[in-house]
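A.B. asks: Before I ask anything, let me first share the structure, which is written out below as structure tokens.
The values are calculated or read from the model by the stated rules, or taken from the named source; none is laboratory data. Just so we're clear, the structure is a prediction, and the values are computed from it rather than from any experiment. No Cβ is skipped: glycine too gets one built from the backbone with ideal geometry, and neighbour counts run over all protein chains shown.
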Amino acid sequence: MRRLGSAAALAAIVVTTATTGAAHAGNGTAENGSGGASKVLRKEARRALEKGEFVSITAGLRDGRKHSETNQGLRDLNGDAAPPSGASYRIASTTKTFTSTVALQLVGEGRLSLDDTVEKWLPGLVRGNGNDGSAITVRNLLQNTSGLHNYTAQLPLGDAESFEKERWKQWTPHELVGLAVAQKPSFPPADKDDPEPDWEYSNTNFVLAGMIIEAVTGNDWRTEVTDRIIRPLGLKDTYAPGRDTGIRGPHSHAYQRFADSKEWTDTTEYSVTWGDSAGELISTHRDLDRFFTALLRGKLLAPAELRAMRTTVPMPKEFTDIWPGARYGLGLLSHPLSCGGKFWAHHGDLVGTTVRLAFTDDGRVGVASTANGISDGTLLAGDRAMMRMLDRTVCEARD
């Protein structure tokens, strides 16, 4: 298995990274909530804003029936306004949990099996250069144990000039998979009973899962996610933008400082068709809380499928160096809490934006957060500060 350093592992989740430099954190703040956990959230969010040198950070907490929110930094670099409350943002790889949920619903309906191969549903698509769709199962895709190359490593978005040139390009799933299968796999697909399989983060897995959803249902993944999750749960601010390059409703601006530039690039608007069913969705703190709470309380999956989703395997050292004790299920992450127990999530990163989440086993406590303004030199420090914010806030809420 190809081994990465910690920074490279975190960057593998992102399309691109950037050089260091202080963000314009500013003094804008907008707050609500006065409980102990709310105070911890505000304090830790301010610390994360500074450690990550972000332009903005927003976080929403639900403690039982009580909701609170903190919005710190700047809405954009052209003024001194705080980030808006209830803002929409790109949720990046958190999309994977939505995709996995739909796939597992199809398993529960008997229309799909976790042991089905990619070749069965997408004949001839994954072949060549050592790639073999007949050896890769749906479980491998959702578990990130297929060995397939991560196509985002091939995307021409790694510097300011390339980003500006390609930012409006509309990608198709077939093009994305083509980028992956043009490369050799990192390792053979894991056996379903392997307790410590080779594991590598690959967006290719979830693009293929989205394509399989379409092959099974006759509808693209966006339609199925909308009909099965978004509409039934009343997630009024969650949607798949498709070819739309903007963000509906109030939102902060996203920024990236690319490795070849000393300036911030505004990355708020661009085509995220390259994310597809691996990272395209837009949502809000409240909607994500409602989704994960419903999921963990068994409202979206039957017991057998939820159990399969929450059956985890170890992540490799380059990830556990960043996220100690983290394990991966089927489109779902688990993290140990410093106060005992664990929380569930799926984090996400895009050009200029990072998303970090935490939801308790029983669904009683949830934290959703996003930061804008990403620089390579503070990438790890910002991530660690956000993860500390999640841990301390959840532990305070549980006391």
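A.B. asks: So which residues in the range 133-177 are farther than 23 Å from Thr94 by Cα and either free of Cβ contacts under 8 Å to residues at least 12 places away in the same chain or under 21 Å from the mean Cα position of the chain (by Cα) (or both), if there are any at all?
C.D. replies: Ser162, Lys165, Glu166
A.B. asks: Which of the residues that make up the range 245-270 are among the small types (Gly, Ala, Ser) and within 19 Å of Thr94 (Cβ to Cβ)?
C.D. replies: Gly249, Ser252, Ala254, listed by residue number.
A.B. asks: With the requirement that a residue be within 23 Å of Tyr270 (Cα to Cα) and of a type in the set (Ser, Thr, Tyr), what does the range 209-257 give you?
C.D. replies: If the condition is that a residue be within 23 Å of Tyr270 (Cα to Cα) and of a type in the set (Ser, Thr, Tyr), then Thr223, Thr226, Thr238, Tyr239, Thr245, Ser252, Tyr255 are the ones that fit.
A.B. asks: Restricting to the range 49-74, what's the tally of residues that are out of contact with any helix residue (DSSP H, G or I) (no Cβ under 6 Å at 6 or more places or on another chain) and of a type in the set (Ser, Thr, Tyr)?
C.D. replies: Total meeting the criteria: 2.
A.B. asks: Would you point out the residue of the range 247-279, among those that are acidic (Asp, Glu) and either farther than 23 Å from Leu155 by Cα or out of contact with any Ser or Thr (no Cβ under 6 Å at 6 or more places or on another chain) (or both), that is surrounded by the fewest Cβ atoms within 10 Å (Cβ to Cβ)?
C.D. replies: Here the answer is Glu263.
A.B. asks: Quick one: would you say Arg310 is basic (Lys, Arg), under 29 Å from Ala190 (Cβ atoms) and within 18 Å of the chain's Cα centre (by Cα)?
C.D. replies: The answer is yes for Arg310.
A.B. asks: Now for a different question. Consider Trp344 carefully, then state whether it is modelled with pLDDT of 95 or more, part of a strand (DSSP E or B) and either touching a Cys at 6+ places or on another chain (Cβ under 8 Å) or of a type outside the set (Gly, Ala, Ser) (or both).
C.D. replies: yes
A.B. asks: Also, I was wondering about something else. Find all pairs meeting these conditions: Cβ atoms under 7 angstrom apart; at least six residues apart or on different chains; first residue within the range 187-213 and under 14 Å from Leu114 (Cα atoms) and of a type in the set (D, E, K, R); second residue in a helix (DSSP H, G or I) and modelled with pLDDT of 95 or more.
C.D. replies: Lys192/Arg139
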